[in-house]
Amino acid sequence: MTRNKYDVDETLETPFDIRHLKRSLKYAARYKKQIITALVLSTFAAIIGLLSPLIVQHAVDNYMGDKSDIPMLLISGGAVLICIVVSVLLTKKRSVMMTDVGQNIIYDIRKDLFEHMQMLSFDFYDSRPHGKILTRIINYINSLSDLMTNGIVNFVMEIFNLIFITIFMFIVSWRLALVTLAGLPIYFGIMLLIKNHQRKAWQRVSNKSSNLAAYQHENIVGAKISQMFVREEENEEIHDKLAKAYRKDWMSAVKWSIVVWPSTDVVGIIVQAAIYATGLFAFRGTITLGTLLAMTDYTARFWQPLMNLSNLMNNVINAVAYLERIFEMMDEPIDVKDAEDAKECPPIKGDVHFENVTFAYESGINILENLSFDVKAGQSIALVGPTGAGKTTIVNLISRFYNLNGGTVRIDDSDISKVTLKSLRSQMGIMLQDSFIFSGTILDNIRYGKLDATLEECREACKIVGIDDWIMSQKNGYNTIVNERGGGLSQGQKQLIAFARTIVSDPRILVLDEATSSIDAKTERNLQNALNHLLKGRTSFIIAHRLSTIRNCDRIMYVSGKGITESGTHEELMAKQGDYYKLYTSQSV
């Protein structure tokens, strides 16, 4: 996926690639028994339906005009009715079967894409508008539903129908059949002119839809900020511009799409007129009325599959534009993953070793260079320094959210690149400045990192952080519903729930990244008991701009200049009067 903003199209127009379609058919192959059964039902429905014109031809040529043949006409009419009813019933059965198959295929694609997304690194999500990601996993996959539900069988069946209709036409009159087939070169010529324009037009629609969704998502997330800065009018203008661009490209694409069926219809009408003209004048005396009626019926039926195939081609062309995006995301490399020989991480004691670590988010722009330090189990380490120096980067590397560009990170005696991610991260706890609260109950959020935690364990954790009384004062207590991102909760309440969630998960290494910045000073003092509980017996890394909160840490590291320039206790660093001293005294003024 191209990295871009909401106002930048994802890719340039790309040529039609049949490989995307073939790849989607691999999903269909999982249900080949049902698809084959549906094809058999469709075949019987088509053949039975095509018997009607033959019955009509026979009745008109042999029983019309003779009163004694009225019973035979009634029998012929009954036979036609039976053919229609049986054909409709078989078609309905096939449609129900293929709807089930199609939805299973969509489910499989959606499931594979979501599972792949769960494995993608932070870098993937850091560098892409989330609205564009949502468009792919929701809108684009939903847009494939019709093609996968009926398109596969219909495409094959319409080809079969053409073959069957052609055979029946030649049985009735080979000369009139040739007249019908003479319209095919005109039809294919028109389709070739339309196809390329249509594909490019739907690719542009795909891009504009993605841009619009990205901006809408960004504004939903940032609605409060927009209102704070009175940005409503400017946002409306941007949204209006994106919506108009989408509308313009949609209308352009539709104009090309709707040309297909009128073109087919016009060619069909011309051919039917030719049938009447040749039947009544060129072959006069050799073509019966029944033959002419049957051929007119078959001719009308002949162009219907072609029109259906044209519509299916419309869907295929549109679908390929969506499949390109879906499979592009599904092929996005998983940068951070288990090594082939990865082993389970043993129970962590808490020793952490950085050995000549070099890291860059963008190639050639190092954030850390040849960084080395050792931390003993149970120590509390504070990371301080200017914004952007690499404090959060260091703690992200301990959890292996990114791959190193050089060097090694070890926990105890294990190189973290050689152990499974699940066994590593399940023993770590991370508290962020903006603690994400998921939609659901308060209890669901506290249990998030330990699904088998009991209510008693969750209440004990909340008592430690001092939020149990507030939760119990709510009408539904721990079953109180909270909205996505903790809507309705104060920033401090969200942070305290996140603290309780971390305590319940019982991590061996703890990371607090500005974890108390959203809590007022009084609440923070009351929370000190919880912090002491969290830090006791655990290796901890604390990032805090409020330096008064980290004075009692075992060691303070000043991060700057792509590494650590100072390290020691608060007293040692103050006595040194270096970078930390300047930072601390500037806050004390």
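Among the numbered criteria (1) in contact with a Ser or Thr (Cβ under 8 Å, 6 or more places away or on another chain); (2) of a type in the set (D, E, K, R); (3) at pLDDT 80 or above, which single criterion is violated by residue 324?
Unmet condition: (3).
Failed condition for residue 501, given (1) open to solvent by less than 20 Å² (accessible area, probe 1.4 Å); (2) modelled with pLDDT of 70 or more, with all others met?
(1)
Can you name the condition, by its number, that residue 45 falls short on among (1) open to solvent by 40 Å² or more (accessible area, probe 1.4 Å); (2) within 25 Å of residue 316 (Cα to Cα)?
Condition (1) is where residue 45 drops out.
So which of 187, 215 is under 30 Å from residue 41 (Cβ atoms) and in a helix (DSSP H, G or I)? Full working, then the answer.
Values: 215 fails: under 30 Å from residue 41 (Cβ atoms).
Of 187, 215, the one residue that is under 30 Å from residue 41 (Cβ atoms) and in a helix (DSSP H, G or I) is 187.
With open to solvent by less than 10 Å² (accessible area, probe 1.4 Å), under 28 Å from residue 545 (Cβ atoms) and in contact with a helix residue (DSSP H, G or I) (Cβ under 9 Å, 6 or more places away or on another chain) as the only criterion, which of 430, 446, 367 stands out? Explain how you work it out, then say what you get.
Values: 430 fails: open to solvent by less than 10 Å² (accessible area, probe 1.4 Å); 367 fails: open to solvent by less than 10 Å² (accessible area, probe 1.4 Å).
From the options 430, 446, 367, the qualifying one is 446.
Identify all residues within the stretch 172-195 that are touching a residue at least 24 places away in the same chain (Cβ under 8 Å) and either farther than 21 Å from residue 292 by Cβ or of a type in the set (A, V, I, L, M, F, W, C) (or both); write none if there are none. Don't jump to the end; show me each part of the working.
Initially, the stretch 172-195 is screened for residues touching a residue at least 24 places away in the same chain (Cβ under 8 Å), giving 172-173, 175-177, 179-180, 182-183, 186-187, 190-191, 194-195.
172, 176, 177, 179, 182, 186, 187, 190, 191, 194, 195 - these are the residues of the stretch 172-195 that are touching a residue at least 24 places away in the same chain (Cβ under 8 Å) and either farther than 21 Å from residue 292 by Cβ or of a type in the set (A, V, I, L, M, F, W, C) (or both).
In the stretch 172-208, which residue that is among the small types (Gly, Ala, Ser) and over 17 Å from residue 256 (Cβ atoms) is surrounded by the most Cβ atoms within 10 Å (Cβ to Cβ)? Let's see the steps before the verdict.
Initially, the stretch 172-208 is screened for residues among the small types (Gly, Ala, Ser), giving 173, 177, 182-183, 189, 201, 206.
From what is left, the residues that are over 17 Å from residue 256 (Cβ atoms) are 173, 177, 182-183.
On the way: 173: 24, 177: 22, 182: 12, 183: 22.
Checked the stretch 172-208; the qualifying residue surrounded by the most Cβ atoms within 10 Å (Cβ to Cβ) is 173.
Does residue 86 satisfy the condition of being open to solvent by less than 40 Å² (accessible area, probe 1.4 Å) and either in a helix (DSSP H, G or I) or out of contact with any Phe, Trp or Tyr (no Cβ under 6 Å at 6 or more places or on another chain) (or both)?
Details: open to solvent by less than 40 Å² (accessible area, probe 1.4 Å): no; either in a helix (DSSP H, G or I) or out of contact with any Phe, Trp or Tyr (no Cβ under 6 Å at 6 or more places or on another chain) (or both): yes.
In short, no.
Kindly check whether there is at least one residue in the stretch 452-469 that is hydrophobic (A, V, I, L, M, F, W, C) and closer than 30 Å to residue 337 by Cα.
Initial filter on the stretch 452-469 (hydrophobic (A, V, I, L, M, F, W, C)): 453, 455, 458, 461-462, 464-465, 467.
With the extra rule that they be closer than 30 Å to residue 337 by Cα, the set shrinks to 453.
Within the stretch 452-469, one or more residues are hydrophobic (A, V, I, L, M, F, W, C) and closer than 30 Å to residue 337 by Cα.
Could you tell me whether any residue of the stretch 419-426 is on the phi < 0 side of the Ramachandran plot and in a strand (DSSP E or B)? Reasoning before the result, please.
First pass over the stretch 419-426, keeping only residues on the phi < 0 side of the Ramachandran plot: 419-426.
Now restrict to residues that are in a strand (DSSP E or B): 419.
Within the stretch 419-426 (the criterion being on the phi < 0 side of the Ramachandran plot and in a strand (DSSP E or B)), the answer is yes, since at least one residue qualifies.
If you go through the stretch 370-392 one residue at a time, how many are over 17 Å from residue 407 (Cβ atoms), surrounded by 15 or more Cβ atoms within 10 Å (Cβ to Cβ) and not β-branched (Val, Ile, Thr)?
Our first condition is that a residue be over 17 Å from residue 407 (Cβ atoms); within the stretch 370-392, this holds for 376-389, 391-392.
Retained after the next criterion (residues that are surrounded by 15 or more Cβ atoms within 10 Å (Cβ to Cβ)): 377-385, 389, 391-392.
Subsequent filtering for residues that are not β-branched (Val, Ile, Thr) retains 377-380, 382-383, 385, 389, 391.
Here the count works out to 9.
Test residue 468 against the criterion of being crowded, with 19+ Cβ neighbours inside 10 Å, of a type in the set (D, E, K, R) and under 30 Å from residue 346 (Cβ atoms), and give yes or no. Give the steps one after another, and end with the answer.
Values: crowded, with 19+ Cβ neighbours inside 10 Å: yes; of a type in the set (D, E, K, R): yes; under 30 Å from residue 346 (Cβ atoms): no.
Spelling it out, it is not the case that residue 468 is crowded, with 19+ Cβ neighbours inside 10 Å, of a type in the set (D, E, K, R) and under 30 Å from residue 346 (Cβ atoms).
Would the stretch 87-101 turn up any residue that is basic (Lys, Arg) and in contact (Cβ under 8 Å) with a residue 12 or more places away in the chain?
Step one: list which residues in the stretch 87-101 are basic (Lys, Arg), which gives 92-94.
Restricting the remaining residues to those that are in contact (Cβ under 8 Å) with a residue 12 or more places away in the chain gives 93-94.
Checked against the condition, which is being basic (Lys, Arg) and in contact (Cβ under 8 Å) with a residue 12 or more places away in the chain, the stretch 87-101 yields at least one hit.
If you check residue 151 against the conditions, is it in contact with a Gly (Cβ under 9 Å, 6 or more places away or on another chain) and either surrounded by 15 or more Cβ atoms within 10 Å (Cβ to Cβ) or aromatic (Phe, Trp, Tyr) (or both)?
Values: in contact with a Gly (Cβ under 9 Å, 6 or more places away or on another chain): yes; either surrounded by 15 or more Cβ atoms within 10 Å (Cβ to Cβ) or aromatic (Phe, Trp, Tyr) (or both): yes.
The answer is yes for residue 151.
What about residue 134, is it assigned to a helix (DSSP H, G or I), open to solvent by 40 Å² or more (accessible area, probe 1.4 Å) and either of a type in the set (Ser, Thr, Tyr) or modelled with pLDDT of 75 or more (or both)?
Numbers: assigned to a helix (DSSP H, G or I): yes; open to solvent by 40 Å² or more (accessible area, probe 1.4 Å): yes; either of a type in the set (Ser, Thr, Tyr) or modelled with pLDDT of 75 or more (or both): yes.
Criteria met by residue 134.
The values are calculated or read from the model by the stated rules, or taken from the named source; none is laboratory data. Predicted model only: the values in this text are computed from it and were never measured. Positions of Cβ are generated from backbone atoms using ideal geometry, with glycine treated the same way; all protein chains shown enter the neighbour counts. SASA here: full protein model, heavy atoms, side chains in, ligands and nucleic acids out. Shrake-Rupley method; radii C 1.70, N 1.55, O 1.52, S 1.80 Å.
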